[in-house]
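See below for the structure under consideration.
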Amino acid sequence: MTTEESILNKVQILITKHFKTPEEAFNYFDADNDQKLSKGEIVRLLKEAEINGFLRGIVSSKLVEGYDRNADELIDWQEFKMAISKIKT
């Protein structure tokens, strides 16, 4: 399993154990209610998914780089859905 797969699987476990839907998880981590996840909000999500502290900053930056389609350096709901669609269920 690659590191990306491992991280996405931990995120999947977090979402399925603690939230009814991925959208509920997105809204929970959207602390400022702007309908977008900042790098800081993503780091919080990764922390709760038990991603190693050293990796959190790197992973949050890579997630934004990989899924931020409108180049605003934030992850909106559609971009979040795209990211979690890569998770194997």
For a quick check, take a GNM of the chain with Cα springs below 10 Å and name the residue from A25, A49, A71 with the largest mean-square fluctuation. A71
Once neighbouring chains are kept in place and the probe is 1.4 Å, which whole percent of the accessible area of the chain is contributed by carbon and sulfur? 53 percent
Would you work out the relative contact order for the chain, in percent, from Cα pairs under 8 angstrom that are 6 or more residues apart? 31 percent
Between D76 and residues 5 or more places away or on another chain, the pairs with built amide H atoms under 5 Å apart involve L37
Grab every C-alpha pair in region 1-85, bin the distances at 5 angstrom width from 0 up to the longest one, and report whole percents. 3, 16, 28, 30, 18, 5, 0
With a 1.4 Å probe and all protein chains kept in place, how much accessible area does E23 have, in Å² rounded to the nearest 10? 90 Å²
Using the Cβ atoms and a cut-off under 15 Å, what net charge is assigned to the surroundings of G66, where Lys and Arg are +1 and Asp and Glu are -1? -3
With the 1.4 Å probe rolled over protein heavy atoms, the chain has an accessible area per residue in Å² of 62 Å²
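The values are calculated or read from the model by the stated rules, or taken from the named source; none is laboratory data. Note that the structure is a prediction, hence the values are computed from the model and not measured. Cβ atoms come from the backbone with ideal geometry, glycine included; neighbour counts cover every protein chain shown. Note: areas computed on protein heavy atoms with side chains; ligands, DNA, RNA excluded. Shrake-Rupley method; radii C 1.70, N 1.55, O 1.52, S 1.80 Å.
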